[in-house]
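S.K.: Provided herewith is a single structure, encoded as structure tokens, for subsequent inquiry.
Where a number appears in this text, it was derived from the coordinates with a stated rule and is not lab data. Predicted model, so just to flag it, every value in this text is computed and none were measured. Note that we place each Cβ from the backbone using ideal geometry, even for glycine, and neighbour counts take in every protein chain shown.
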Amino acid sequence: MRILLVEDDPLLRDRLKMDLGQAGFAVDAVDNGVDAEHMGTEEPYDAVVLDLGLPRRSGLEVLQNWRRHKNGVPVIILTARDAWHEKVDGFKAGADDYLAKPFHIEELLARLSAVIRRGHGKTGGELQTAGLVLNEGRQSVTVADGGVVELTGIEFRLLRYFMLHPGQILSKSRLTEHVYEFDEDKDSNVIEVYINRLRHKLGKDVIATRRGQGYVFGAAE
Ligand code: CA
């Protein structure tokens with residue numbers, strides 16, 4: 001899952017970027033509304049964390065512009081404590097959720113997972129697909145016989161994306177876009193290596209190859 005983080009407070013931005021990265025998100029961080037609007041329009045984010053008070057263009061205006069151009073990316077706005085009107089304005093502009101500062105990172109992670117799951121029509125509290133249950137906090141997966149398989153960072157990022165898109169053909173370039181950050185060294189052939197590692201850990205049938213098109217997760221279901 002790739003996240004756009006928009007926050008002009010450098011300390012908070014750096015801390016959130018680090019915490020979100022440790023939680024298995026690829027994070028692009030920007031510090032102003034103009035760059036935010038541009039990145040959110042050009043890049044295929046799975047969710048956005050959007051501060052409202054920003055230099056150059058307010059978060060509210062950025063959100064309104066995205067929605068006017070039919071960009072439906074899930075957005076969590078960061079509001080000031082007790083500023084109820086910001087929450088109301090945010091929801092009217094098309095926010096999916098809000099978080100009042102200061103907050104605990106665990107709450108942001110829980111809300112992010114929830115808006116992303118909802119955006120894919122998943123209603124449960126955990127991500128379950130094709131006999132697998134993803135443990136997002138521990139970055140591991142529980143398999144059909146109850147065993148727990150530990151995942152490395154990229155394996156976890158990949159599997160979470162697959163589990164949100166079961167039965168869909170996902171090209172290497174699409175997987176790359178959602179697993180790596182904007183300025184990370186992206187080699188889409190490396191994706192193949194990680195897919196083979198997931199097959200080795202979870203069974204070779206869990207991810208099918210469609211020659212010339214990409215990969216399908218959980219197609220046997
Ligand atoms: Ca701010």
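S.K.: Could you please find all residues in the range 47-84 being within 12 Å of the ligand (Cβ to nearest atom) and touching a Phe, Trp or Tyr at 6+ places or on another chain (Cβ under 8 Å)?
M.R.: Scanning the range 47-84 gives Ile77, Leu78, Thr79.
S.K.: Has the range 133-145 got at least one residue that is within 27 Å of Gly212 (Cα to Cα) and basic (Lys, Arg)?
M.R.: Within the range 133-145 (the criterion being within 27 Å of Gly212 (Cα to Cα) and basic (Lys, Arg)), the answer is no, since none of the residues qualifies.
S.K.: Starting from the range 1-17, take each residue that is more than 12 Å from Asp51 (Cα to Cα) and among the β-branched types (Val, Ile, Thr) and list its partners that are more than 12 Å from the ligand (Cβ to nearest atom) and in a loop (DSSP other than H, G, I, E, B), counting only C-beta distances under 9 angstrom and pairs at least six apart or across chains.
M.R.: Ile3/Phe25; Ile3/Tyr45; Ile3/Asp46
S.K.: Considering the range 171-198 alone, what residues qualify as being surrounded by 21 or more Cβ atoms within 10 Å (Cβ to Cβ) and more than 13 Å from the chain's Cα centre (by Cα)?
M.R.: Listed by number, the residues that qualify are Ile191, Ile195, Leu198.
S.K.: If you don't mind, another one. Kindly indicate which of Ala144, Ala114, Ala100 is buried (at least 16 other Cβ atoms within 10 Å of the Cβ) and either of a type in the set (Phe, Trp, Tyr) or outside any strand (DSSP E or B) (or both).
M.R.: Result of the check over Ala144, Ala114, Ala100: Ala114.
S.K.: Moving to a separate point now. Which one of these does Pro44 not meet: (1) closer than 26 Å to Glu136 by Cβ; (2) within 12 Å of the ligand (Cβ to nearest atom); (3) of a type outside the set (A, V, I, L, M)?
M.R.: All conditions are met except number (2).
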